[in-house]
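Okay, structure first, notes after.
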Amino acid sequence: MSDWEFAQTDTAEQLGRVHFFSMKKLQGSEEIDFTITITEFGAPKSPALKFFAQADKETNQRAVAYTPSGWGKTMLEALSACIREINRFPYQIPKSEPTNA
């Protein structure tokens, strides 16, 4: 247990440490930048939900918009799940957004 986890006195507050990662989704000749935010919970409700990863952009915007995410017991598990979900659906670039978003 890390020292920061002892700062939480009420587990309902769901104290978490935040980590950031970036990746480029390769889609045809385009590279789309994604930032993945991972929250590491100090006292998760379930040990399987220690890490939650979420992308900063939606995919599949023209059908049913979807925000890629993933849960895991480890940071690697949550990050890998989120990356799989980023690659699951196409990113449809909005008309007003430059292609190197």
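The values are calculated or read from the model by the stated rules, or taken from the named source; none is laboratory data. What you are looking at is a predicted structure, and each value in this text was computed from that prediction instead of being measured. Positions of Cβ are backbone-derived with ideal geometry, glycine not excepted, and every protein chain shown enters the neighbour counts. For accessibility, only protein heavy atoms count, side chains too; no ligands or nucleic acids. Shrake-Rupley method; radii C 1.70, N 1.55, O 1.52, S 1.80 Å.
A few notes on this one:
- Only residues that are part of a loop (DSSP other than H, G, I, E, B) and at pLDDT 90 or above were counted in the range 46-60, giving 5.
- Only one of the numbered conditions (1) touching a helix residue (DSSP H, G or I) at 6+ places or on another chain (Cβ under 8 Å); (2) under 13 Å from PRO90 (Cα atoms) is violated by HIS19, and that is (2).
- Residues of the range 10-45 satisfying the condition of being assigned to a loop (DSSP other than H, G, I, E, B), in contact with a strand residue (DSSP E or B) (Cβ under 9 Å, 6 or more places away or on another chain) and loosely packed, with under 15 Cβ neighbours inside 10 Å: GLN14
- Some residue of the range 61-72 being within 21 Å of THR11 (Cα to Cα), modelled with pLDDT of 95 or more and either in contact with a helix residue (DSSP H, G or I) (Cβ under 9 Å, 6 or more places away or on another chain) or open to solvent by less than 50 Å² (accessible area, probe 1.4 Å) (or both): yes
- Across the range 73-91, the qualifying residues are those that are part of a helix (DSSP H, G or I) and polar (S, T, N, Q), and the one among them that is least open to solvent (accessible area, probe 1.4 Å) is SER80.
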